[in-house]
Structure formats: structure tokens, C-alpha cells
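Written out below as C-alpha cells is the structure these notes cover.
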Amino acid sequence: MLGSLIVDPGRMAKNLAMTQGLIVGEAVIMGLAPHAGRNEAHDFVYDACRLAIETGQSLHDRVLAGR
């Protein structure tokens, strides 16, 4: 089924950029949860996503900025 799959890294990057990285928010929560706790990770990423939308920044930039 995947034999004819063509990976296009440029297209993948474009698709991620369309959402400003918000599409990976849950993955970021799961990565942070073992270190900060599930609730704290959720609150942190939720606020980072909200601020990314409000400011037009990426989720990556907001996470690096500490929200």
C-alpha cells in the first residue's frame, strides 16, 4: 500500500507552516509531560498555541519563548 508513496519534504514543510506548527501541539504535550507533568504540559502548550495564533508566531517560537 505504501510502495508508491512519494515523500516530498518541501511539501511537508509547507503543510506544517500553514498551521504555524500548531498541528504538532499534542506531540509537544506528550514530549513535555514526562518532565513537567501532564496538566502542566497541557497548560503550557495550550497557552503557547493561543499566543502563537494571537501574535502570528509559530508554536516553535512560542515554546522557545516560554509561551
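Coordinate-derived values only; no laboratory data. If you're wondering where the values come from, they're calculated on a predicted model, not measured in any experiment. Counting neighbours? That spans all protein chains shown, and the Cβs are built from the backbone with ideal geometry, glycine included.
When I6, I53 are sorted by how many other C-beta atoms sit within 10 angstrom of their C-beta, beginning with the fewest, the order is I6, I53. Helices that extend 15 Å or more along their long axis by alpha-carbon positions and average at least 0.5 on the Kyte-Doolittle scale are, among the DSSP H runs of the chain, 25-36. Rounded to the nearest 20, the size of the Cβ-charge dipole of the chain about its Cα centre is 140 debye, with Lys and Arg at +1 and Asp and Glu at -1. Look at the dipole of the chain built from charges on Cβ: of M12, Q57, G25, the Cα furthest out on the positive end belongs to M12. The ellipsoid that matches the Cα gyration tensor of the chain has semi-axes, each √(5λ) in whole angstrom, of 26, 16, 8, with the longest given first.
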